[in-house]
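A.B. asks: The structure follows.
The values are calculated or read from the model by the stated rules, or taken from the named source; none is laboratory data. Bear in mind the structure is a predicted one, so any value in this text is a computation, not a measurement. Counting neighbours? That spans all protein chains shown, and the Cβs are built from the backbone with ideal geometry, glycine included. Keep in mind that these areas ignore ligands, DNA and RNA; they rest on the heavy atoms of the full protein, side chains included. Shrake-Rupley method; radii C 1.70, N 1.55, O 1.52, S 1.80 Å.
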Amino acid sequence: MTLYRQSFLTTPEEIESLKNSIIGKVCKNKCGGNGAFLEKGVFYNCSCVIEFEKRLRLIQANIPKKYWDFDLRNLTKEYSDGNKISLNIIKSYTSKIKEMVEKGIGLYVQGASGLAKTALSYYILKEGIKQGVVCYSISMSRLTSLFFEISKEDVKSRIDWIVNDVDLLVIDEIEKDYNIDKSNTFIGALVNDFFRSIYDKKKALIITSNLSKKSLKDSKIHATNVIDRFEELVDIVLVGHSYRRQDENLKQIIG
């Protein structure tokens, strides 16, 4: 998979900083800082180069560092037992993710705060990245902020790239916005056009929300025709107590 290099995803300075922090260090200087080593007359990419490319893809997909190492194995048994059906759907989705993306099949991940909605959506993106799928994530509030700045060339380029080039898109916290339900307002029209383009291009879309589709419609945060397009998304309903725990952090403090 080639690394997409749009300037709004990563700057040359960020790439250089990342490279300096990984090449020759992750491998404990096995490659002498060159990113490759010679073995029996053949040059091989060092493990530090593989790690560099992995982390760069995560950054370019806009996945926060907090979630880079998240895996389904991190979920508690209580949580997994209480969400077997939803987790099985996610496992099945990721097992054939290229097919899901090609068919434009998406998910609507719903549940109360602290139930790992965001973590699970990033997990799906990471599986997509492994399969060479162009992935990206953005919160709804951040997306709306971009529309307010759409006159800027780099902002318009980012939005155009999301619409045209991203194959699997996560929009986090779809309900965290305001005043975008009127399609006759400037921002409302842009949001409406964005989701219409995503829908028409049959992009695979993953949405996370604290609200069910019905509650989202009743809240009138988004225009009705926007929410109607979400009806085709497969519901992933998460239940249980908040997944956010302090236990691991406490272990780090007191051992």
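A.B. asks: For the pair Lys201/Glu102, report the inter-label distance in nm, with labels modelled 7 Å from Cα in the Cβ direction.
C.D. replies: In this crude label model, Lys201 to Glu102 measures out at 2.0 nm.
A.B. asks: Let me ask another. For each cysteine in the chain, check whether another cysteine's C-beta sits under 4.7 Å from its C-beta; list those where none does.
C.D. replies: Lone cysteines by the Cβ rule: Cys135.
A.B. asks: Using the Karplus curve 6.51 cos²θ - 1.76 cosθ + 1.60 with θ = phi - 60°, what ³J(HN,Hα) values do you get for each residue of region 212-219, in whole Hz, with x for Gly and Pro?
C.D. replies: Here the 3J(HN,Hα) series is 5, 4, 5, 5, 5, 5, 5, 6 Hz.
A.B. asks: Related question: Between Trp161 and Asn45, what FRET efficiency comes out of the Förster formula 1/(1 + (r/R0)^6) with R0 = 30 Å and r the beta carbon distance, rounded to 0.05?
C.D. replies: Approximately 0.60, to the nearest 0.05.
A.B. asks: Under a crude label model (7 Å from the Cα following the beta-carbon direction), how far is His241 from Arg142 in nanometres?
C.D. replies: Those two pseudo-labels are separated by 3.1 nm.
A.B. asks: Using just the C-alpha positions of region 50-97 as equal point scatterers, what log10 of I(q)/I(0) does the Debye formula give at each q in 0.28, 0.30, 0.32 1/Å?
C.D. replies: -1.01, -1.04, -1.07
A.B. asks: Roughly speaking, to the nearest percent, how much of the chain's 1.4 Å accessible area is carbon and sulfur?
C.D. replies: 49 percent
A.B. asks: Kindly provide the GluC sites (Glu not before Pro) of region 35-111 that DSSP labels as loop, not H, G, I, E or B, and whose Cβ sees at most 11 other Cβ atoms within 10 Å.
C.D. replies: Counting only loop positions with at most 11 other Cβ atoms within 10 Å, none of the GluC sites (Glu not before Pro) in region 35-111 qualifies.
A.B. asks: So which of Lys98/Lys213; Lys103/Lys217; Lys19/Lys126; Lys66/Lys202; Lys91/Lys156; Lys98/Lys217 end up more than 23 Å apart by C-alpha?
C.D. replies: Lys98/Lys213; Lys103/Lys217; Lys66/Lys202; Lys91/Lys156; Lys98/Lys217
A.B. asks: Using a 1.4 Å probe, what is the accessible area per residue for the chain, in Å²?
C.D. replies: Averaged over the residues of the chain, the accessible area is 55 Å².
A.B. asks: Counting Lys +1, Arg +1, Asp -1, Glu -1, what net charge surrounds Ser151 among other residues with beta carbon under 15 Å of its beta carbon?
C.D. replies: The answer is -1.
A.B. asks: Compute the length gained on full extension between Lys220 and Asn34: take 0.36 nm times their separation in residues and subtract their Cα-Cα distance, giving the result in nm to one decimal.
C.D. replies: Length difference between fully extended and current span is 61.4 nm.
A.B. asks: Among the trypsin sites (Lys or Arg not before Pro) in region 1-100, which ones are in a DSSP loop with at most 16 other Cβ atoms within 10 Å of the Cβ? Mind listing them?
C.D. replies: For trypsin sites (Lys or Arg not before Pro) across region 1-100 that sit outside H, G, I, E and B with at most 16 neighbouring Cβ atoms in 10 Å, the list reads Arg5, Lys25, Lys28, Lys30, Lys40, Lys96.
A.B. asks: Non-local amide H neighbours of Val170 (under 5 Å, H modeled in plane, Pro and chain starts lacking H): which ones?
C.D. replies: Tyr136, Ser137, Ile138, Ile206
A.B. asks: Given a 1.4 Å probe and heavy atoms of the protein chains only, how would you sort Lys103, Lys117, largest accessible area at the top?
C.D. replies: Descending order: Lys103, Lys117.
A.B. asks: Additional query: Just need the relative contact order of the chain here, percent rounded to a whole number, with Cα pairs under 8 Å and 6+ apart.
C.D. replies: Relative contact order here is 22 percent.
A.B. asks: Provide, in order from the shortest bin, the percent of all Cα-Cα pairs of the chain in each 5 Å bin, continuing until the bin that contains the maximum pair distance.
C.D. replies: Per 5 Å bin, starting at 0, the Cα pair percentages come out as 1, 6, 12, 15, 17, 15, 13, 10, 6, 3, 2, 1, 0, 0.
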